[in-house]
1. Report the full-extension gain for the segment Ala251 to Glu274: residue separation times 0.36 nm, less the Cα-Cα distance, to one decimal in nm.
2. Among the lysines, select those whose C-alpha is under 18 Å from the C-alpha of Lys294, and discard any that sit fewer than 8 residues away in the same chain.
3. Name the lysines eligible as straight-distance cross-link partners of Lys174: C-alpha to C-alpha under 16 Å, and not fewer than 8 places from it in the same chain.
4. Sticking with the crude label model, points 7 Å out along Cα→Cβ, report the distance from Glu207 to Glu314 in nm, one decimal please.
5. With no solvent and one point per C-alpha, what does the Debye sum give as log10 I(q)/I(0) for the stretch 1-111 at q = 0.16, 0.19, 0.22 Å⁻¹?
6. Take the alpha carbon gyration tensor of the chain, find the square roots of its eigenvalues, order them as a ≥ b ≥ c, and report rounded if a/c is under 1.5; if not, report prolate when a/b exceeds b/c, else oblate.
7. Just to confirm my numbers, what's the Cα centroid distance between the stretch 38-108 and the stretch 208-261 in Å?
8. Counting Lys and Arg as +1 and Asp and Glu as -1, each charge on the Cβ, what is the dipole of the chain about the Cα centre in debye, to the nearest 20?
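The values are calculated or read from the model by the stated rules, or taken from the named source; none is laboratory data. Just so you know, these numbers come straight off a predicted model, no measurement behind them. All Cβ positions, glycine included, derive from the backbone under ideal geometry; neighbour counts span all protein chains shown. Side chains included, ligands, DNA and RNA excluded: accessible areas come from the protein's heavy atoms. Shrake-Rupley method; radii C 1.70, N 1.55, O 1.52, S 1.80 Å.
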Amino acid sequence: MNSNDEIKVNEVYVKFDGANPTGSFKDRGMTVAISMAKYLGVNVVACASTGNTSASMCAYAARANIKPLIVLPKGNVAKGKLAQAILHGAEIVFVGGGFDDALKVIIEASKKGLIYPLNSINPWRIEGQKTVGYEIVDEVGVPDWIVIPVGNAGNISALWKGLVELKKIGLIDKLPRLAGIQASGAAPLVKAYRESLDKPVFIEDPETIATAIRIGKPVNWPRALKAIKESKGVLIDVSDDEILQAQRLLARREGLGVEPASAASIAGLRKLREEGVIDRNERVVAIATGHALKDPDTASSHYVKSYEVKDVNEALSLLHKLITQ
Ligand code: AN7
């Protein structure tokens with residue numbers, strides 16, 4: 001990275017999952033899970049989502065000719081993600097409360113046999129999401145650390161499952177340590193990790209600018225805590241300000257546009273370096289889970305440097321001023 005001077009790690013890579021077909025890591029698991037849904041003869045698929053799961057599910061469901069139903073937290077889904085779901089033909093139920101309430105709807109409806117659920121309670125999602133670990137190993141070998149944002153905790157569970165299986169079959173001979181990063185206003189797992197609790201105390205009203213990980217009751221918490229423990233990893237939280245700073249750093253020094261939840265991994269890496277948990281000489285991969293275009297409002301409302309002029313002449317003289325300044 002160009003910004004090694006700021007991150008203070010000599011060898012750090014960003015694994016960018018924003019270039020997947022719908023712009024986030026969710027496509028890895030969704031292609032598998034929708035293929036299975038098709039194989040099983042399912043007519044309707046459904047999910048709760050902070051946005052990316054639904055965008056991905058709707059695109060793959062469209063291709064498979066399966067009807068997509070989604071349950072979203074009202075007012076808390078970033079515009080790009082919502083636009084994708086609408087474009088691909090979703091029927092949308094907005095619920096008050098947050099993602100955790102939306103997920104409750106899906107779990108209850110699937111218990112009643114009403115829908116085929118495509119949240120990460122669906123094991124095929126996790127199977128597909130293992131591939132991020134395969135690619136990292138393929139591209140840079142086994143790093144010392146993999147840093148990953150954590151919301152509902154499916155991705156960190158999948159990453160660890162994939163890596164452990166690679167080691168089991170002898171394709172790699174060591175495992176990385178995992179660093180899971182949550183947003184400070186939505187960090188039930190960090191608290192459980194810090195206080196060595198057997199299970200997390202869920203958060204009723206999670207709040208963060210990183211709406212993708214605005215989750216207070218992560219369903220995959222048992223697997224996530226196990227992954228952290230087995231990998232001798234860590235779980236920390238980062239503030240919204242730290243997330244925005246990291247988003248800007250990636251955008252302006254690396255030319256890499258990521259959404260706020262994804263920038264959490266870079267913010268977390270910075271913090272872990274500052275705290276001396278990660279050493280300058282360790283090899284680090286930070287996963288950036290989604291594209292900046294997912295959340296155009298956050299990207300365009302925080303860093304504006306723009307001017308308005310009334311005509312070509314005024315624009316030219318302003319340009320002259322800006323260049324010679
Ligand atoms: C960009 O779309 O939960 O820990 O419903 O969109 O596996 O939940 C999204 C999560 C990280 C956290 N980065 O992953 C959803 C949803 C981005 C995300 C996460 C999400 P998990």
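1. 6.1 nm
2. Lys15, Lys26, Lys74, Lys79, Lys81
3. Cross-link targets: Lys161, Lys229, Lys232.
4. My value for the distance between the label points is 4.0 nm.
5. -0.72, -0.91, -1.14
6. oblate
7. For the stretch 38-108 versus the stretch 208-261, the Cα centre distance is 22 Å.
8. 820 debye
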